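Data block below; observations after.
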Amino acid sequence: MSILHTVNKSPFERNSLESCLKFAQGGSSVLLIEDGIYAALKGTSAEGQVKAALDNLSVYVLGPDLAARGFHQERVIEGVEVVDYAAFVDLAAENDKVHAWL
Amino acid sequence: MSEVVKKYLYVNRKAPYGTIYAWESLEVVLIGAAFDQEVSLMFLDDGVFQLTKGQDTTGIGMKNFSPTYRSLGDYEVKNIYVDRNSLESRGLTQDDLVKVAWEDWESGEEKEDIVEVVDSARVTEHMDESDVIFSF
């Protein structure tokens, strides 16, 4: 069963991302949305966690949520893919279920 | 206006848009400006993300309130402090933040940018020196 995990909390304020990455099955997809997008930025204290996750998970970040907060592709960790709403829908459709970590 | 002038410190610790705290804090600051008090703002933890420049909310259907920060100098806000550790652990520098100009209408004194990045010890001091603290 493939799962799309969505994380919408800042990694500096909640442990949602940490738990998600800990329990996500290898090969799963993780989509960072809303305040979750801060985990996708380069040079933060959460960068190591996300880079390590890229070894066995696909990590995506929602572009409109990045832009709303003043960030773009060039500030995003290599390997994390910036996606739009249409790709969010595709990810949800491609996977068997969605696990929204709050 | 009021005889007694107190030092008000607004502490902001939440990222914008994900929750309503940042916007509510800004509303309170703007309302409070009507009371002729000495107002300072402090940005800590995820609150530093409120000041990032280039915010564009057209894609998320929410009001972009970040331009309002740039006008805080016109609303009696005299000092804006940003915690250095909070910035650095989020991969940010002062270059990533908006500039807030300030001008005293009576004396004509002007400052190009009142946003000041400070060390943790100074954060503690500012909290200690203020009469009233509102934390969001």
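Every number here is computed from the coordinates shown, using simple stated rules; none is lab data. Bear in mind the structure is a predicted one, so any value in this text is a computation, not a measurement. Cβ coordinates were reconstructed from backbone atoms using ideal geometry, including for glycine residues, and neighbour counts include every protein chain displayed.
Please identify the GluC sites (Glu not before Pro) of the stretch B:1-76 that satisfy two criteria: DSSP loop assignment and at most 16 other Cβ atoms within 10 Å. Which are they?
When the GluC sites (Glu not before Pro) of the stretch B:1-76 are filtered for loop state and at most 16 Cβ neighbours within 10 Å, B:E3 remain.
Scan chain A for GluC sites (Glu not before Pro) in coil per DSSP, keeping those whose Cβ has at most 13 other Cβ atoms within 10 Å, and list them by number.
In loop regions of chain A (DSSP not H, G, I, E or B), the sparsely surrounded GluC sites (Glu not before Pro) are A:E78.
How large is ³J(HN,Hα) for each residue in the stretch B:86-97, as worked out from phi by the Karplus curve 6.51 cos²θ - 1.76 cosθ + 1.60 (θ = phi - 60°), to whole Hz, x for Gly and Pro?
In residue order, the calculated couplings are 5, 5, 5, 6, 9, x, 10, 10, 4, 4, 7, 9 Hz.
Nearest 5 percent is fine: what portion of the DSSP beta bridges confined to chain A is antiparallel?
Counting only bridges with both partners in chain A, antiparallel ones make up about 5 percent.
Reachable lysines from B:K111, Cα under 18 Å, same-chain residues fewer than 8 places away excluded?
B:K78, B:K99
For B:L97, list long-range residues whose amide hydrogen, built 1.01 Å from N in the peptide plane, is under 5 Å from its own amide hydrogen.
B:K53
If the cut-off is a Cα-Cα distance under 19 Å, which lysines reach A:K22, setting aside same-chain residues fewer than 8 apart in sequence?
Partners found: A:K9, A:K51, A:K97.
Kindly put B:T58, A:T6, B:T19 in sequence by how many other C-beta atoms sit within 10 Å of each C-beta, fewest to most.
B:T58, B:T19, A:T6
Cut-off is 10 Å between beta-carbons; in what order do A:S58, A:S19 appear when sorted fewest neighbours first?
A:S19, A:S58
Enter the angle in degrees (range 0 to 90, nearest 10) between the Cα long axis of helix B:120-129 and the first principal axis of the Cα atoms of chain B, meaning the one along which they spread out most.
Orientation of helix B:120-129: about 40 degrees from the principal axis.
What does the charge add up to near A:S29, with Lys and Arg as +1, Asp and Glu as -1, over the other residues with Cβ less than 11 Å from its Cβ?
Residues close to A:S29 contribute a combined charge of -3.
For B:Y21, B:Y8, what ranking results if the residue with the fewest other Cβ atoms within 10 Å of its Cβ goes first?
B:Y21, B:Y8
Karplus couplings for the stretch A:54-63 from phi (6.51 cos²θ - 1.76 cosθ + 1.60, θ = phi - 60°), rounded to Hz, Gly and Pro as x?
Coupling constants for the stretch A:54-63: 5, 4, 9, 10, 9, 10, 10, 9, 7, x Hz.
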